[in-house]
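Trainee: If you scroll down you'll find the structure; I have some questions about it.
None of the figures in this text is laboratory data; all of them are computed from the coordinates on show. Remember, predicted model here, so these are calculated numbers, not experimental data. Positions of Cβ are generated from backbone atoms using ideal geometry, with glycine treated the same way; all protein chains shown enter the neighbour counts.
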Amino acid sequence: MSPDVAIIGGGIVGCAAAALMAEAGARVEVFERDEVAAGASGRNSGVVQHPFDGVLAGLHAETLSLYRELEGLGLPDDPVGVLMLARKPAELAGPALEIGRDTPELSPQLLGPDEVHELEPALGRGLYGCRLETGYPVRPAAATRAFARRAHALGVVFREHEVAWPWVGSGRARGVIAAGVRRPADAVLVTAGPWTPEVVDTTGGWRPIVPVWGVVVEVELSHPPRHVVEEAGVEAVAAGPGTVDRPGGTVFSAVTADGVTSVGSTFLDHEPDPHAWAGAIRRGGVPFLPALADAEIRGLRACARPQSLDGRPLIGAGIDGLWVAAGHGPWGISTGPATARIVADAILTGAAVPAALSVRRV
């Protein structure tokens, strides 16, 4: 018996969609060319946070609700707070005003250098801050693997290290072709992150999602910040593709989960060598977090974020039976499960996809 749905891509969206559709009674197979959470879903900085976009705010709120239903994720009950940092107060005034206007639930609070140091003694002196009521640190890959475990328990078949392509005939998707074998399915969902366009259209004519590469350095600090800390401007850089226009090519951020601090990041249009960027990331972070100067690097990782042209995910079907859900940029673990719910409902029940997220908008 063929699966009702074949999913290409074992990241956060693919695993969440598999679990949700299996719960609804669908038979599902997931095809992943590497292993579950091998991409941005498992190599991110490790924080679920508000995406600073009113259109995506509902996806974020629903994603938090879905995470609270998962076993073994360890999502904090309350946000630890995001602390945006700058050397000059003017760099924070505009973002704080915009965030307060568009997403007042984040309760932006401007802080002077003494207040910042009192709140986070580990940070450098003379920094101004804007505290936001968001930020839930989790270990990278934890959310994706939790959904994968849930899906597997519901009978979803995971085929790791198996490359799959949509099998299209007579104007509709018939299933997938994997290992040279045609595997029938009623619907095919591509959740392959930045590689979604090449999976859907091998001619290269459809490219609404591009890879934006990030490098993250892992360190262990004796007194890490309690907040998620970010250099002011990272939210704007993360909203669109391209290379960071900053000295050294990095924008500082640090997230601590389970005693490990992930420091980043880069926003590059080419695949980087993580070892070549480790020094620049450390040097760029020292003015914000001085302990980085002597911290031992425990790990390095790079991943390609799937960035759409407007910073919002693309959901929908291009041809009958062939669906996509991708393009979340840096907000995959923050909004991906809710995206999975939308596409699962659309595939199984014919529910409409919100116009602001529809693949047809590009």
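Trainee: Would you mind ranking S358, S334 so that the residue whose beta carbon has the fewest other beta carbons within 10 Å leads the list?
Mentor: Values: S358 17, S334 26.
By the 10 Å Cβ count, ascending: S358, S334.
Trainee: Going by how many other beta carbons lie within 10 Å of each one, how would you line up T349, T250, T103, T191, fewest first? If you can, show how the numbers build up before the last one.
Mentor: Values: T349 8, T250 25, T103 21, T191 30.
Ranked by crowding around the Cβ, least crowded first: T349, T103, T250, T191.
Trainee: Continuing with the same structure: Once both labels are modelled 7 Å past Cα along the beta-carbon direction, what's the D294-V157 spacing in nm?
Mentor: About 5.7 nm separates the two model spin labels.
Trainee: Grab the Cα-Cα distance for S107 and D320, subtract it from 0.36 nm times how many residues apart they are, and report the gain in nm with one decimal.
Mentor: Details: separation 213, 0.36 × 213 = 76.68 nm, distance 4.38 nm.
Residue separation times 0.36 nm, minus the Cα-Cα distance, leaves 72.3 nm.
Trainee: Using only Cα atoms, tell me the angle between helix 90-102 and the longest principal axis of the chain; keep it within 0 to 90° and round to the nearest 10.
Mentor: Long axis of 90-102 versus the principal axis of the chain: about 40 degrees.
Trainee: Another question, if that's okay. Using just the helices of the chain, give the 222 nm mean residue ellipticity in deg cm²/dmol: DSSP H runs with n ≥ 4 each add -39,500 (n - 2.57), and the total is spread over all residues, rounded to 500. Mind dumping the intermediate values first?
Mentor: Working: 10 runs with 102 residues, N = 362.
That comes out to -8500 deg cm²/dmol.
Trainee: Can you give the extra length, in nm with one decimal, that the chain gains between S222 and V181 once fully stretched, where that is 0.36 nm per residue apart less the Cα-Cα distance? Don't jump to the answer; show the numbers that get you there.
Mentor: Details: separation 41, 0.36 × 41 = 14.76 nm, distance 5.28 nm.
This chain segment gains 9.5 nm when fully extended.
Trainee: Same structure, new question: When the label point is put 7 Å from the Cα of E133 along its Cα-to-beta-carbon vector, which residues of segment 64-82 have a backbone N closer than 12 Å?
Mentor: What the label zone holds, given the 12 Å backbone N cut-off, is 79, 81.
Trainee: Something else now. Give the angle, between 0 and 90 degrees and rounded to the nearest 10, that separates the Cα long axis of helix 142-153 from the longest principal axis of the Cα atoms of the chain.
Mentor: Long axis of 142-153 versus the principal axis of the chain: about 30 degrees.
Trainee: In the chain, what % of DSSP beta bridges are antiparallel (nearest 5)? Don't skip to the end; give the middle numbers.
Mentor: Working: 49 of 70 bridges.
Percent antiparallel among DSSP bridges in the chain is about 70.
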